[in-house]
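See structure below.
The values are calculated or read from the model by the stated rules, or taken from the named source; none is laboratory data. In this text the structure is predicted, and so the values were computed from the model without any measurement. Cβ sites come from the backbone with ideal geometry, for glycine too, and all protein chains shown count toward neighbours.
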Ligand SMILES: C[S@@+](CC[C@H](N)C(=O)[O-])C[C@H]1O[C@@H](n2cnc3c(N)ncnc32)[C@H](O)[C@@H]1O
Ligand code: SF4
């Protein structure tokens, strides 16, 4: 008998356009030339969704969260987002108080738009601030200044959504510890429910990769991390994942579901999905057609790749998600989401516990502080 049970199901919707391409960004996003074909794209998204529902027999599953990400979803009109959400909700039962997040760039924001998103069913806004330093925003190729970022946060607070997040990056070109901490202080003063605090990484296929900026020394990065974490904790933001900090009960339900190895459909250009078929015992991964031109070609199947995650891959896949979190996990959770018996990982867990990298209390397993420092080695043990 299979140990698998269907985990919570989320939906990720990708919007692939931005006003400009930022030099550090490797997300599937394209600088806008002309108007966005909003209606055409929504039609393609719903077809993509219907194909996934049929492919994985998802009729009757409850939707737990939605994340409209990008790219820059806030480029879309509230009317389009309303049409998109109402068509999605017509196809699923939804969990009470479902979290619906929309990503917004401060350069594309106005009061009417945020009010409209809230009325359309968006319950959480995630605003890409990155920094409050004007020079830093210019270096990052952002289309907004600090004032617009502050304005966007104030609008988010008052527009009727339940919560909002601010995205910040640190370890920016030539950044001093004081500047990184000042960004955090300014963010905290705006009272967001959640702060995503990412260390800037230089990704292949970006302008920063071909022309690398001068990044801070490792010692500075370490100080930023240590002092920033302390500042966030003091201000009442609990770290629950590598880069995610939230006020009490304000974690991102959508991201938590990814990291707990839940299921998610990914629709839109280049979107990734992961779905469990409890009948066959298979776990599938999907990737959709990446370029808007191809994705919008009439009659073309949006699915680019479909593959079954093999039993050999599952322990690592489970761990690479779960171990990002500060919370513990149970062996039962491992069995239910992977369909594998816990004997497969128990010897590795015990070895890691002997080395002080994992701990086990009342059947709950967790990475220790030391384990977090050597997370890559911990993960490699499951390969
Ligand atoms: C899809 S973007 C957010 C929404 C919107 N596109 C914007 O930039 O305002 C997601 C977030 O990932 C972070 N990010 C993007 N590229 C990154 C990189 N190379 N290193 C670290 N964080 C990065 C940024 O904080 C960004 O806000
Ligand atoms: S960081 Fe955001 S705004 Fe900039 S290119 Fe990437 S997705 Fe677009």
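Restricting the first residue to the range 195-218 and requiring it to be on the phi > 0 side of the Ramachandran plot, which pairs with a second residue that is within 11 Å of ligand 1 (Cβ to nearest atom) and assigned to a loop (DSSP other than H, G, I, E, B) meet a Cβ separation below 7 Å and a spacing of at least six or different chains?
Once the first residue is on the phi > 0 side of the Ramachandran plot and sits in the range 195-218, its partners that are within 11 Å of ligand 1 (Cβ to nearest atom) and assigned to a loop (DSSP other than H, G, I, E, B) give 205/26.
Given the structure, is residue 145 modelled with pLDDT of 95 or more, within 16 Å of ligand 2 (Cβ to nearest atom) and surrounded by fewer than 18 Cβ atoms within 10 Å (Cβ to Cβ)? It would help to see each step written out before you state the result.
Values: modelled with pLDDT of 95 or more: yes; within 16 Å of ligand 2 (Cβ to nearest atom): yes; surrounded by fewer than 18 Cβ atoms within 10 Å (Cβ to Cβ): yes.
When the stated conditions are applied, residue 145 passes them.
So, in the range 59-80, how many residues would count as being assigned to a strand (DSSP E or B) and within 16 Å of ligand 1 (Cβ to nearest atom)?
Restricting attention to the range 59-80, the residues satisfying the condition of being assigned to a strand (DSSP E or B) are 62-70.
With within 16 Å of ligand 1 (Cβ to nearest atom) added as a condition, the list becomes 66-70.
So the answer is 5.
Tell me, please, whether a residue that is more than 16 Å from ligand 2 (Cβ to nearest atom), assigned to a strand (DSSP E or B), at pLDDT 95 or above and touching a strand residue (DSSP E or B) at 6+ places or on another chain (Cβ under 9 Å) can be found in the range 15-22. Steps first, answer last, please.
So the first thing to find is which residues in the range 15-22 are more than 16 Å from ligand 2 (Cβ to nearest atom), and the list is none.
Taking every residue of the range 15-22 in turn, none turns out to be more than 16 Å from ligand 2 (Cβ to nearest atom), assigned to a strand (DSSP E or B), at pLDDT 95 or above and touching a strand residue (DSSP E or B) at 6+ places or on another chain (Cβ under 9 Å).
May I ask you to list the residues in the range 166-195 that are crowded, with 21+ Cβ neighbours inside 10 Å, within 16 Å of ligand 2 (Cβ to nearest atom) and closer than 14 Å to residue 246 by Cα?
Selection gives 166, 168.
Quick check, is residue 299 at pLDDT 95 or above and either under 21 Å from the mean Cα position of the chain (by Cα) or over 21 Å from residue 257 (Cβ atoms) (or both)?
Working: at pLDDT 95 or above: no; either under 21 Å from the mean Cα position of the chain (by Cα) or over 21 Å from residue 257 (Cβ atoms) (or both): yes.
It is false that residue 299 is at pLDDT 95 or above and either under 21 Å from the mean Cα position of the chain (by Cα) or over 21 Å from residue 257 (Cβ atoms) (or both).
For a quick check of your reading of the model, give me the residue pairs whose first member lies in the range 338-366 and is at positive phi, whose second is surrounded by 13 or more Cβ atoms within 10 Å (Cβ to Cβ) and in a helix (DSSP H, G or I), with beta-carbon atoms closer than 8 Å and at least 6 apart or on different chains.
339/314; 356/370; 356/371; 363/331
If you take the residues of the range 27-57 that are exposed (fewer than 14 other Cβ atoms within 10 Å of the Cβ) and assigned to a loop (DSSP other than H, G, I, E, B), which of them is farthest from ligand 2 (Cβ to nearest atom)?
Per the stated criteria, the residue is 57.
Is it the case, given these coordinates, that residue 147 is over 23 Å from residue 324 (Cβ atoms), assigned by TED's automatic domain parsing to the domain that holds residue 240 and in contact with a strand residue (DSSP E or B) (Cβ under 9 Å, 6 or more places away or on another chain)? It would help to see each step written out before you state the result.
Details: over 23 Å from residue 324 (Cβ atoms): yes; assigned by TED's automatic domain parsing to the domain that holds residue 240: yes; in contact with a strand residue (DSSP E or B) (Cβ under 9 Å, 6 or more places away or on another chain): no.
Answer is no for this residue.
Please find, within the range 86-120, the residue that is surrounded by the most Cβ atoms within 10 Å (Cβ to Cβ) out of those that are away from ligand 1 (no atom under 14 Å from the Cβ) and under 19 Å from the mean Cα position of the chain (by Cα).
Taking the candidates together, the pick is 100.
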